[in-house]
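**Q** Could you have a look at this structure, given as structure tokens, before my questions?
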Amino acid sequence: MPTVRVADQADLVTVLPTAVFLVTGSEGWHATLLGGHLAGRLTGFPGTDLADLVAGSINALVREHGLTPDTAPGSSVGILRWDRDTVEVFVLGDTPVTVFTDDGPAPLTQPGLVAEADPDIAYEARQRRWPRAAVHTVLLADGHVPSWPDALRRASADGPETVLDDLTALAVVTF
């Protein structure tokens, strides 16, 4: 089981047995409800493609609240999910997720897109997979982190809490 450390102020981070995700938005109700739907789908459908899970979560909000594209609030989504063999990341919007492997950092972000009222936007997100054995640390953030390599060095030298306290990083997952 990976070690998950979450910043004290990170009420937008959800930790599940095989996933960690962050949902942020300008209107908290949208992010909260989207996160609830996403948690249920990640738990209930563990092998399902992440874009399908996010699209289903957005669709549920659209049905429940009558949301329409271009008028609904939007949320950014960053998901880290793992199983015995694989680590995968999904990023929609400005919730950067950086995966550190022996080859260095692999930052993923998709600015300009948000989970709003169009489920199809989930299929435009950035997604990537790695063999679990190749991944040693993953950082999830809310917004821009100036230097992921510096953040990893600081976390390795002084503990993950230094990154969580000083940057906008909200979760550090160590495999």
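**Q** Given Cα pairs under 8 Å that are at least 6 residues apart, what percent is the relative contact order of region 3-174?
**A** Numbers: 358 pairs, mean separation 43.2, N = 172.
After rounding, I find 25 percent.
**Q** Sequence-distant or interchain residues sharing an amide H contact under 5 Å with Thr137, placed H: which?
**A** When sequence neighbours closer than 5 places are left aside, the close amide H contacts are Phe100, Phe175.
**Q** Per residue of region 120-127, in order, report the coupling 6.51 cos²θ - 1.76 cosθ + 1.60 (Karplus, θ = phi - 60°) as ³J(HN,Hα) in whole Hz, putting x for Gly and Pro.
**A** 5, 4, 4, 7, 9, 5, 7, 9
**Q** Something else now. From the helices alone, meaning DSSP H stretches of at least four residues, give me the mean residue ellipticity at 222 nm for the chain, per-run term -39500 (n - 2.57), in deg cm²/dmol to the nearest 500. Provide the component values of the computation, followed by the final result.
**A** Values: 4 runs with 51 residues, N = 175.
Computed mean residue ellipticity for the chain: -9000 deg cm²/dmol.
Every number in this text was worked out from the coordinates using simple rules, so none of it is lab data. Here the structure is a predicted model, which is why all the values come from computation and not from measurement.
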